[in-house]
Amino acid sequence: LRADDAEEAALTVWAHVQTLLSDPEELRHQYEQGRGDPAVDVQAEHERTRLERKLAALEREKTRLLDAYQAEVIELTELAERRERLTEQGQLLRARVQEIEQQRLDRAAELRLLEGVEAFCTSMRGAMVAPAFEVKQKVLQLIVQRIVVEDHRITIAHVVPSGPIRLQPEHH
């Protein structure tokens with residue numbers, strides 16, 4: 001990488017970081033873009049509802065099997081085999097419901113973290129006005145996770161802390 005290309009890349013990275021830190025909505029947009037379509041949450045909720053209905057139907061089927069055994073329509077071995085299959089199906093469905101619930105909890109935690117983006121950006125605004133080299137360096141170390149420079153393309157992977165940050169020491 002030639003020095004003038006590296007300098008140009010560094011200016012591009014710094015400009016990108018400044019844009020992100022000056023606009024919490026842009027940060028939120030970048031985050032959402034990386035997380036996918038919010039409609040997926042709605043689909044997962046519909047799936048959870050459908051699975052819970054299936055679980056209720058399985059329980060009703062178990063009850064009917066027991067009734068059939070008590071009415072001497074089926075034998076004990078058949079009752080045991082069919083209940084075992086229903087139990088296995090129920091375990092698979094419950095595992096998927098738990099997975100969907102965990103995804104919902106993870107998403108809720110992510111949304112709470114996004115609320116901290118505003119506080120973080122506010123704490124950074126003062127440091128972004130004509131920053132010294134050391135401040136730029138600290139900001140980049142704090143925000144930039146990875147930079148990939150390819151021919152005419154720069155990919156910047158960044159992270160954003162979820163609360164206010166102090167970059168400059170307090171003067172006493």
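Between D67 and E25, what is 0.36 nm times their sequence separation minus the Cα-Cα distance? Round to one decimal in nm. Don't skip to the answer; put the middle values down first.
On the way: separation 42, 0.36 × 42 = 15.12 nm, distance 5.95 nm.
Length gained, D67 through E25: 9.2 nm.
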**Asked** Could you give me the ³J(HN,Hα) list for the stretch 81-91, computed from phi with Karplus coefficients 6.51, -1.76, 1.60 and θ = phi - 60°, whole Hz, x at Gly and Pro?
**Response** 5, 5, 5, 4, 4, 5, 5, 4, 4, x, 5
**Complete:** The FRET efficiency for T49 and R112, from their Cβ-Cβ distance with R0 = 25 Å and rounded to 0.05, is 0.55
**Request:** Hey, can you grab everything whose amide H is under 5 Å from the amide H of I74? Only 5+ residues off in sequence or another chain; H modelled, so Pro and N-termini drop out.
**Result:** Y69
**Request:** Just grab the label-to-label distance for D151 and T12, each label 7 Å out from Cα along the Cβ direction, in nm (one decimal).
**Result:** 1.3 nm
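Coordinate-derived values only; no laboratory data. On a predicted model such as this, the values are computed, not experimentally measured, just so you know. Cβ: placed from backbone, ideal geometry, glycine included. Neighbour counts: every protein chain shown.
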